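Novice: Have a look at this one.
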Amino acid sequence: EDSKPKGRRFKLDPSLEVYKGIWVFVEQERGQAHPVSWELLGEGRKLADRLEVPLGAVVVGADEAMLAPICSDAIGYGADLVYLSTGEVLADYRNETYTKALTALVNEHKPEILLLGATTLGRDLAGSVATTLGTGLTADCTELDIDPDNRSLMATRPTFGGSLLCTIQTLNYRPQMATVRPRVMAMPEAQPERSGEVVRSSFALEEASVLSKVLDFIPDEAREGAQLPYAEIIVAGGLGMGKPENFQLLFDLAAVIGAEVGATRPVVQAGWVEADRQVGQTGKTVRPRLYIAAGISGAIQHRVGMEGSDVIIAINTDPKAPIFDFATYGIVADAVQLIPALTEAFRQR
Ligand code: FAD
């Protein structure tokens, strides 16, 4: 307890005391919710219970019929209230329209905390909402807590290249905003029997007044790497794989065992694989059941992105490699030799 960060003592401006409740922005694309929304509702539920305030989910999109299943899922994952903003102008994500819809809701209902996923969309939206509202935003948090003395959010995130953790408080500004990466918070259990209330927003915007136009919608189906955070099995490679061609060995193994391929940052920087396969502090956070790390040293910046894996198998030629300090199983071997042998063995099964 003593080592836990202490909040700064301050007195909240009385005009901000009207801000009450915790909100989670539910990210959805054409009726498909991003799982980070449920992870945040699970975390938001804990914070709301500590503050003894309601937990709200914000759902924004084209029409209520399409969004109805998302609204009931949000209640099942812990929301007491769903704030729903609909309209043709909100059909596909645009920073301008979503910022206006979200700030209108915040100005009307005044939540004290607003959480979003640190996804491409969430990062884009959170920044402009915070700027429009003139409040603070802590990005890419790994831990959220409440300072019991002054009810403020304590948002923790890595800093100085991951060598330190800093806890940030937004003092006399409301709402307190934070983004959290997918897979950092645990997925809560759905409780379909929970009940909640849907609050409809009166927000409306004419398409003619919107500066940006959506010309086409092209789903990014080919980008398998984008699925990395939710993969059950990951085969990841580092510089120890030697050369780009050897990465094909990892793709071969992944195909046989139904895995995704991940990589370290130097591998991505060298152009061996696409950037959305990078695992770590400046890449993706993953929590698979099995993480096979081939030719990866286990630097802290890589470790923070994958240490939540259930089982880690490390393959490295150097018995003193740091990855062996936290791997579940360690194999001292040449990965370029071992990976094809493993692929063959699994193929035979
Ligand atoms: P190395 O550290 O060079 O390790 C290669 C390993 O392969 C060695 O342990 C070696 O013994 C082993 N090896 C060699 N040949 C073989 C073989 N034939 N078979 C088996 N093993 C072999 N890194 C990330 O991964 N993700 C991040 O998000 C990230 N963000 C960063 C952010 C900042 C601000 C900074 C400063 C750094 C970041 N890094 C990140 C880089 C990180 O510090 C390490 O440099 C990187 O993770 C090391 O990658 P590597 O393990 O592939 O390479």
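The values are calculated or read from the model by the stated rules, or taken from the named source; none is laboratory data. The shown structure was predicted, so the numbers you read here are calculated from the model rather than taken from an experiment. Quick reminder, even Gly has a Cβ in these numbers, built from the backbone with ideal geometry, and neighbours come from all protein chains shown. For accessibility, only protein heavy atoms count, side chains too; no ligands or nucleic acids. Shrake-Rupley method; radii C 1.70, N 1.55, O 1.52, S 1.80 Å.
Novice: If you check Leu47 against the conditions, is it under 16 Å from the mean Cα position of the chain (by Cα) and open to solvent by less than 20 Å² (accessible area, probe 1.4 Å)?
Specialist: no
Conditions (1) in contact with a Phe, Trp or Tyr (Cβ under 9 Å, 6 or more places away or on another chain); (2) in contact (Cβ under 8 Å) with a residue 24 or more places away in the chain; (3) not hydroxyl-bearing (Ser, Thr, Tyr), marked per residue:
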residue: Gln32; (1), (2), (3): no, no, yes
residue: Arg45; (1), (2), (3): yes, yes, yes
residue: Ala48; (1), (2), (3): no, yes, yes
residue: Ile70; (1), (2), (3): no, yes, yes
residue: Asp73; (1), (2), (3): yes, yes, yes
residue: Asp80; (1), (2), (3): no, yes, yes
residue: Tyr93; (1), (2), (3): no, yes, no
residue: Ala101; (1), (2), (3): yes, yes, yes
residue: Gly117; (1), (2), (3): yes, yes, yes
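Novice: While we're looking at this one, here's another question. Of all strands (runs of 3 or more DSSP E) completely enclosed by the stretch 134-236, which ones contain at least 1 residues that are open to solvent by less than 50 Å² (accessible area, probe 1.4 Å) and closer than 28 Å to His302 by Cα?
Specialist: Qualifying strands (runs of 3 or more DSSP E): 137-141, 143-147, 152-159, 164-168, 176-180.
Novice: Give the stretch 248-264 a look and list any residue that's in a helix (DSSP H, G or I) and buried (at least 20 other Cβ atoms within 10 Å of the Cβ), or say none.
Specialist: Leu249, Leu250, Leu253, Ala254
Novice: If you take the residues of the stretch 323-333 that are part of a loop (DSSP other than H, G, I, E, B) and loosely packed, with under 15 Cβ neighbours inside 10 Å, which of them is nearest to the ligand (Cβ to nearest atom)?
Specialist: Checked the stretch 323-333; the qualifying residue nearest to the ligand (Cβ to nearest atom) is Ala333.
Novice: Looking only at the stretch 72-91, count how many residues are under 30 Å from Glu17 (Cβ atoms), in a helix (DSSP H, G or I) and open to solvent by less than 10 Å² (accessible area, probe 1.4 Å).
Specialist: 1
Novice: Filter the stretch 285-319 down to residues that are touching a residue at least 24 places away in the same chain (Cβ under 8 Å), surrounded by 24 or more Cβ atoms within 10 Å (Cβ to Cβ), more than 7 Å from the ligand (Cβ to nearest atom) and assigned to a strand (DSSP E or B), then give me how many there are.
Specialist: Of the residues in the stretch 285-319, 3 are touching a residue at least 24 places away in the same chain (Cβ under 8 Å), surrounded by 24 or more Cβ atoms within 10 Å (Cβ to Cβ), more than 7 Å from the ligand (Cβ to nearest atom) and assigned to a strand (DSSP E or B).
Novice: Just checking, how many residues over the stretch 265-274 are within 10 Å of the ligand (Cβ to nearest atom), within 19 Å of Thr120 (Cβ to Cβ) and open to solvent by 40 Å² or more (accessible area, probe 1.4 Å)?
Specialist: Number satisfying all stated conditions: 1.
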